[in-house]
Structures are given as C-alpha cells and as structure tokens.
Amino acid sequence: MHRIGQSGFSLVEMIIVIVITGVLGGIVAVFLRTPVQQYVDVARRAELTDIADTALYRLAGDISTAVPNSVRVAGCGGIPCVEYLPIKDGGRYRADATGGAGGCGVAGDELDFTVADTCFEIIGSAITFAAGDQIVLGSTQSDGNPPYDNTVAGILRAYTGAAGAQTSVNFTATQFPAFAELPSRRFDVVDGAQQAVTYACEGTLGALDGSGNGQASLMRRWAYGFNPAQVAPGVLGGSSAILANNVSGCAIDYALPNQRMGLLGVRLTLTRGSESVSLYQEIHVNNSP
C-alpha cells in the first residue's frame, strides 16, 4: 500500500512570508504617503479657495447694486465689515410741472424741494413697487449716512403707494434737503425685503482652534432696518447667513478718492487643518448718482 505524501507551509515559512510582506508594505507606504498627502492638501486648498472665491464674488455682485455713496465701513466697531443699500430699481422724477392739474397720481406732478412733498411722476417706464420699499434721491454725500436717514437731513423716504407697477411715486411727507436736487433727477428704489445689508467677519480672528481651523465666519446680514449712523454688526437684528466659515484673517478697506468712484478692498483668509488660503479682491464702487 502506497501512502500519498502531504506537503504544506511550515510555521517558519509563514513567519518569513509575513515579515517580507510587512517590509514590502512599509516600503510601498513610504513611497505613497507623500503623493497621498499632497492630494489631500491640494483638495483642501481647492475647497477653501472655492469657498473664499464664491463669497467674494457674491460680495462684489452685491456692491455693484449699491445706492451711490451708501457704502460705508467707518462704524463697524472694530469688526471688519461693510454696509450698503441695495438698488431694486430706479428712474427719473419730474422736476418741472407740465401745466396739468397736478397732485399725486396725476400726469405732470413734479417733485417740489421747497415743501414737504408727498409724490412725483416717474419720467419713463413704470416701476414695480412692493410694501416696505424705500426711495433715495440726490445721494451725493460721501460720508455714507444721508441715504440711511429719513429725516429732513437725509434723503431716504418710505414708499407709501400701492404695490405693483406704478407711474408715480408716493412717499412719506418730508421735505428733501437742498443738496438732493440734481440735474440728473435720478432716484433709486431700495428693496424693502432686503433693506440695509452688511457683510462682516464675525468671531475670533487671528487664532485657530485645537484642530487648526479658523474661528470666524463671513456673515451677510439684512432686513434689520436703516440706521442713520452705522451700527456694529454684533448688535444688528434681522436675517443672517454664513457665506464662509473657518475664517482666520479678514480685512475690509474702503478708499474714496473722489465723489464718482470708490474702491473697496477685501482680503479673506480661510484656514482648515492648519492649511490656509488667502484671497484679495478690489471692488469698484460707482458713486455717480
């Protein structure tokens, strides 16, 4: 009777194979670690760059709709911020009577700067109004405050007419200041749903948490009303949204070289996992009323 021989791995051979496999795995890991880490770092930087770029793009788009001379930064109270009034629509008001009967809603009604007028006719196409809308005209003062002021010293007035497409504008009876009367006869409509808008970097800037992340956020605040003097973002009510988090550095500067143009500079630094990206954008501000 013949016995069939049996063969297999001995314990020593298995240990040798495990050791060799471990050595080879370690060698492969050493060579792959750097490319994998680079990929993770590049992906993180790309994500942070995209977040910062999107936030600055939104800010630039909003500032392009600002009421002339409504951009202001001086009253931020140490928090990097910028405030402005968003234009919903605009047109020209009638300044010379046409000989008609006059009166609100009647063709030929002019805006009278010598009394507390309450209405004027729109020259051109009808404008669609909604409840809460405001009007601003003659915004020429570069200190940024008159467009937010609805007193006799300011140029902001609440729209009081009916909602929908209108060919005349009814507003709160307050005499406009003399400086508001301009040859362009331009007026702007501020969206009542948005009201004044503030962008602010809120939180702890310049320090990271235990995971190496920035501790501030770029916030957009709106629908908090109108403040004749700018108020620090921390006490504003209304609505808010986060445009970018993990903010570790932020600077907002506004240079007003002359009445017709301004330059808003925004620098935003985002840090996540001790990896940082910093973007800077200059935004042209049109201040021609």
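The values are calculated or read from the model by the stated rules, or taken from the named source; none is laboratory data. Small disclaimer: the values here were computed from a predicted structure and weren't measured. Here Cβ is always computed from backbone atoms with ideal geometry, including for glycine, and neighbour counts include all displayed protein chains.
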Determine which member of the set Thr174, Thr114, Thr167 is of a type in the set (Ser, Thr, Tyr), more than 29 Å from the chain's Cα centre (by Cα), at pLDDT below 95 and over 16 Å from Arg185 (Cα atoms). Thr174
Residue satisfying condition, being touching a helix residue (DSSP H, G or I) at 6+ places or on another chain (Cβ under 9 Å), modelled with pLDDT of 90 or more and outside the structural domain of Ser184 (by TED's automatic domain parsing), within set Asn227, Asn213: Asn227
For the stretch 136-152, state whether one or more residues are surrounded by fewer than 21 Cβ atoms within 10 Å (Cβ to Cβ), of a type in the set (A, V, I, L, M, F, W, C) and outside the structural domain of Ile51 (by TED's automatic domain parsing). yes
With at positive phi and not acidic (Asp, Glu) as the only criterion, which of Arg185, Arg157 stands out? Arg185
Given (1) surrounded by 15 or more Cβ atoms within 10 Å (Cβ to Cβ); (2) more than 30 Å from Tyr93 (Cα to Cα); (3) in contact with a strand residue (DSSP E or B) (Cβ under 6 Å, 6 or more places away or on another chain), Ala241 misses just (1)
Here, strands (runs of 3 or more DSSP E) confined to the stretch 100-212 with at least 3 residues that are among the β-branched types (Val, Ile, Thr) are 197-208
Subset tally (residues that are in contact with a Gly (Cβ under 8 Å, 6 or more places away or on another chain), among the polar types (S, T, N, Q) and outside any loop (DSSP other than H, G, I, E, B)) for the stretch 229-267: 3
Only listed residue being of a type in the set (Lys, Arg) and outside the structural domain of Leu111 (by TED's automatic domain parsing), chosen from Arg221, Arg185: Arg221
Cβ contacts < 9 Å: first residue closer than 19 Å to Thr128 by Cα, restricted to the stretch 193-204; second residue part of a strand (DSSP E or B), any location; separation 6+ or different chain. Result? Ala193/Lys88; Ala193/Trp222; Gln194/Pro86; Gln194/Lys88; Gln194/Trp222; Gln195/Pro86; Gln195/Gln134; Gln195/Trp222
When you scan the stretch 267-282, do you find a residue that is β-branched (Val, Ile, Thr) and closer than 15 Å to Cys81 by Cβ, even just one? no
Looking only at the stretch 189-197, decide whether some residue is over 19 Å from Arg72 (Cα atoms) and of a type in the set (A, V, I, L, M). yes
So, in the stretch 206-265, how many residues would count as being under 16 Å from the mean Cα position of the chain (by Cα) and among the basic types (Lys, Arg)? 2
